[in-house]
Amino acid sequence: ADTERAATAARALLLSGCDGLMSFGMAGGLDPGLAPGSVVLARHIIGETGEVLPVDPAWHQRLCALLAGGFEVAGGAIVGSGDMIDGVAAKVALHESMAAIAVDMESAAIARVARDARVPFAALRVVCDGPGQRIPACLEGAVDAYGHVIFARLGIGVALRPWELFELIRLGVSTTNAERVLEQALRSVLVQWHY
């Protein structure tokens, strides 16, 4: 599972000498004000069971300052999920029940490792699919454990569900945009981050 891989990778980083952890990548948008490409900085993480996992306040403030000039940054809770939240109704329910603005599959696991090791933690995510955007069912089974598309399986999925082609194209466009924003945000942070 993504959560187990994230925790294992985080522990390996700490064993190699890292003195803090940051979760970065894509997220599903839950807040109606977040469009694909929006940058989200977690104020805290909500685990799958409802536990609240802290974010280091100094790291959070530093990230806000580093991104303020070139990015629209939203701050709020990111909720963890062991499964992809693929439907609009599920996103609305999660937003309302957890008061979270975004959802991802790795941040809670990394935050737990950081908390247990007593090292700083922060989460920077970019919204890939907005709150009103569903993930097409034709993608099921067409993405491997590392997020890579298996095109033969995707082709079968589209052949079986051709009406989802528009949603698939829309998701592809928003994913490409989110990847570009994430790359720019990380470059901005890494260039300016000084101890």
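Go through the residues of the range 78-86 one by one and say whether even a single one is surrounded by fewer than 19 Cβ atoms within 10 Å (Cβ to Cβ), modelled with pLDDT under 90 and aliphatic (A, V, I, L, M).
yes
Restricted to the range 22-53, and to residues that are open to solvent by 20 Å² or more (accessible area, probe 1.4 Å) and among the aliphatic types (A, V, I, L, M), which residue is farthest from the chain's Cα centre (by Cα)? Give the steps one after another, and end with the answer.
Of the range 22-53, the ones open to solvent by 20 Å² or more (accessible area, probe 1.4 Å) are 22, 24, 26, 31-33, 35-36, 38, 43-44, 48-52.
Still in the running and among the aliphatic types (A, V, I, L, M): 22, 26, 35, 52.
Working: Met22: 12, Met26: 4, Ala35: 14, Val52: 17 Å.
Looking at residues that are open to solvent by 20 Å² or more (accessible area, probe 1.4 Å) and among the aliphatic types (A, V, I, L, M), I get Val52.
Which of the following residues is farther than 21 Å from Thr3 by Cα, assigned to a loop (DSSP other than H, G, I, E, B) and among the basic types (Lys, Arg): Arg170, Arg134?
Values: Arg170 fails: assigned to a loop (DSSP other than H, G, I, E, B).
After ruling out the rest, the residue left standing is Arg134.
Can you find, within the range 173-195, the residue that is farthest from Gly28 (Cα to Cα) among those that are out of contact with any Gly (no Cβ under 6 Å at 6 or more places or on another chain) and aliphatic (A, V, I, L, M)?
Val191
Inspect all residues belonging to the range 114-123 and state whether any of them is aromatic (Phe, Trp, Tyr) and open to solvent by less than 50 Å² (accessible area, probe 1.4 Å).
yes
Of everything in the range 88-112, what is in a helix (DSSP H, G or I), at pLDDT 90 or above and open to solvent by 10 Å² or more (accessible area, probe 1.4 Å)? Give them in sequence order.
Within the range 88-112, Ile110, Arg112 meet the criteria.
If Asp19 satisfies every condition in (1) under 15 Å from Lys91 (Cα atoms); (2) open to solvent by 40 Å² or more (accessible area, probe 1.4 Å); (3) not small (Gly, Ala, Ser) but one, which is the exception?
Of everything listed in (1) under 15 Å from Lys91 (Cα atoms); (2) open to solvent by 40 Å² or more (accessible area, probe 1.4 Å); (3) not small (Gly, Ala, Ser), Asp19 misses just condition (1).
Looking at the range 142-152, is at least one residue modelled with pLDDT of 80 or more, out of contact with any Asp or Glu (no Cβ under 6 Å at 6 or more places or on another chain) and either over 28 Å from Met22 (Cα atoms) or surrounded by fewer than 23 Cβ atoms within 10 Å (Cβ to Cβ) (or both)?
yes
Return the total of residues in the range 173-195 being open to solvent by less than 50 Å² (accessible area, probe 1.4 Å), of a type in the set (A, V, I, L, M, F, W, C) and at pLDDT 80 or above.
6
Can you tell me which residue within the range 154-172, out of those that are closer than 17 Å to Gly28 by Cα and in contact (Cβ under 8 Å) with a residue 24 or more places away in the chain, is most open to solvent (accessible area, probe 1.4 Å)?
Of all residues in the range 154-172, those closer than 17 Å to Gly28 by Cα come to 167-172.
Restricting the remaining residues to those that are in contact (Cβ under 8 Å) with a residue 24 or more places away in the chain gives 167-168, 170-171.
Values: Glu167: 37, Leu168: 30, Arg170: 97, Leu171: 15 Å².
Within the range 154-172, the match that is most open to solvent (accessible area, probe 1.4 Å) is Arg170.
The values are calculated or read from the model by the stated rules, or taken from the named source; none is laboratory data. Nothing here was measured: the structure is a model prediction, and the numbers come from that model. When we count neighbours, we look across all protein chains shown, and the Cβ atoms used for this are built from the backbone with ideal geometry, even at glycine. Surface accessibility is based on the protein's heavy atoms, side chains included, excluding ligands, DNA and RNA. Shrake-Rupley method; radii C 1.70, N 1.55, O 1.52, S 1.80 Å.
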